[in-house]
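Trainee: Please read through the structure below; I'll follow up with questions.
The values are calculated or read from the model by the stated rules, or taken from the named source; none is laboratory data. Fair warning: this is a prediction, and the values are worked out from it, not measured in the lab. When we count neighbours, we look across all protein chains shown, and the Cβ atoms used for this are built from the backbone with ideal geometry, even at glycine. Just the protein is used for accessible areas: all its heavy atoms, side chains included, with ligands, DNA and RNA removed. Shrake-Rupley method; radii C 1.70, N 1.55, O 1.52, S 1.80 Å.
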Amino acid sequence: MVTIVRLRQLPAVALLGLLAALLAHAGSYGDDHVAGGAYHRLFELLGIGGAGGFALAVVAIASLGARRHVDGSVLAAAMRPLAPTFLPLMASATSWFIAIESVEPEHHFHAALVLVAICLAAASLLIVALTQWFLQAVAAIVFAIAPTPFDRRPVTYRRRFAHRSSARRISIVYRRFGRAPPRLTLIPV
């Protein structure tokens, strides 16, 4: 099976895949042992740093793109290619999970392969949903903060005078029909 990943999705897929693998490892093994053995702290920092870098990149791209788009939902749709989809994230999480398990020393408790696959899929779906929500939230916040050139001024109606007299209106209405229509003047009397 071939999974298509755009080049701009690759860093997010790689680093958020590590986060999904760490979540799946915690879900499948629980508190039995730490992920990665001696490299546990390195994997955690790399996963948290990758998520933070992804968040900073999304905020920077959203703030730069706020002046080019009319609405926050349009901005979120324009940033959607940055977020990883399920299949590439699942493939990345699986490869990270294999790498984590390969650097661990031998342990006695092995989780069932089905349980690991379910935890990987659930963690990938959770991260995909969180990234989509994060993109929409950032787009809405950035669009609310940044002024756009497409903003219209609010329509305001001003009255020149607070109160017009009804006598003046009536005289204007009667003045409209002060003479006979032109066709009636052409008929000889």
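Trainee: Just by accessible area at a 1.4 angstrom probe, what is the order of 138, 34, 114 from largest to smallest?
Mentor: Largest accessible area first, the residues go 114, 34, 138.
Trainee: Let me ask you something else. Provide the solvent-accessible area of residue 40, counting protein heavy atoms only and rolling a 1.4 Å probe, rounded to the nearest 10 Å².
Mentor: 40 Å²
Trainee: Mind checking the full-extension length gain between residue 26 and residue 111? Use 0.36 nm per residue of separation minus the Cα-Cα distance, one decimal, nm. Mind dumping the intermediate values first?
Mentor: Working: separation 85, 0.36 × 85 = 30.60 nm, distance 1.11 nm.
Taking 0.36 nm per residue and subtracting the Cα distance, the gain is 29.5 nm.
Trainee: Got a sec? Which residues in the stretch 38-62 would a label at residue 137 touch, if it sits 7 Å along Cα→Cβ and we count backbone N under 18 Å?
Mentor: The answer is 48-62.
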